[in-house]
Amino acid sequence: LWLVPALPAASPQQDSGLGRLREEARREGWQRVPEILVAVGADPGARIADVGSGDGFFTVRLARAVGRTGRVTAVDLSAQALDRLRRRLTDEGISNVDVLQGDAADTDLPAESLDAILIVNAYHEMERYQQTLVRLRSALKPGGRLVLVEPFDSKLRREPRDRQTRAHSLSAGFAVGEVRSSGFDVVAL
């Protein structure tokens, strides 16, 4: 498991055009994208899932990093976000992405099929996080990585998990305990 701290969430992405490009350029900097790609092992030929993919900010970057011999699976609850992602993939000529609707606990991610799973600003939203972690762990190949990137408001450090998640925040302490209890080893914070 890799936990990478993130700054507060970005504003919602524009569907297309110049606004989206500007927002993504800003996000590249504050979200430490190169570090996240290294942490997730986004190397040519890798098989990676982007769980909570939304419109595909990380999906597109992962697809480019894993190249033609790699594969990315984008998973999200929102049919509208996935429709935008499909259009974006078509517009940008990206063909190494599978798009799945559903949450991580209910998707058909095959056992031991993934080198890594990336969850950015979505883990705190997962109400069935224990079930989700078990399912994700089974989808990883031996030695596979789970990278969680979550915003954290330090003022909420001592608050219960449900209060933090209502504020779209989650402390590393909660995440570390949850992933360890699901059988993951924590190798970096």
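Here are some notes:
- Annotation: residue 42 fulfils all but one of (1) surrounded by 20 or more Cβ atoms within 10 Å (Cβ to Cβ); (2) assigned to a strand (DSSP E or B); (3) of a type in the set (A, V, I, L, M, F, W, C); (4) touching a Leu at 6+ places or on another chain (Cβ under 6 Å); the unmet one is (2).
- Residue satisfying all of: in the range 129-144; open to solvent by less than 20 Å² (accessible area, probe 1.4 Å) and assigned to a helix (DSSP H, G or I); nearest to residue 103 (Cα to Cα) among these: 132
- Extreme residue, farthest from the chain's Cα centre (by Cα), among residues of the range 91-128 that are polar (S, T, N, Q) and either open to solvent by 20 Å² or more (accessible area, probe 1.4 Å) or within 14 Å of residue 76 (Cα to Cα) (or both): 95
- Residues located in the range 99-123, provided they are in contact with a Lys or Arg (Cβ under 7 Å, 6 or more places away or on another chain) and modelled with pLDDT of 95 or more: 99, 112, 113, 114, 115, 116
- Search result, residues across the range 87-98 that are hydrophobic (A, V, I, L, M, F, W, C) and out of contact with any Lys or Arg (no Cβ under 9 Å at 6 or more places or on another chain): 89
- Out of 103, 91, sole residue that is more than 20 Å from residue 46 (Cα to Cα) and touching a helix residue (DSSP H, G or I) at 6+ places or on another chain (Cβ under 9 Å): 103
- Note on the range 59-78: among residues that are surrounded by fewer than 17 Cβ atoms within 10 Å (Cβ to Cβ) and modelled with pLDDT of 95 or more, the one that is nearest to the chain's Cα centre (by Cα) is 64.
The values are calculated or read from the model by the stated rules, or taken from the named source; none is laboratory data. Worth saying up front: this structure is predicted, and the values here are computed from it rather than measured. Don't worry about glycine lacking a Cβ; one is built from the backbone with ideal geometry, like all the others, and counts go over all protein chains shown. We work out accessible area using only protein heavy atoms, side chains counted, and drop any ligands, DNA or RNA first. Shrake-Rupley method; radii C 1.70, N 1.55, O 1.52, S 1.80 Å.
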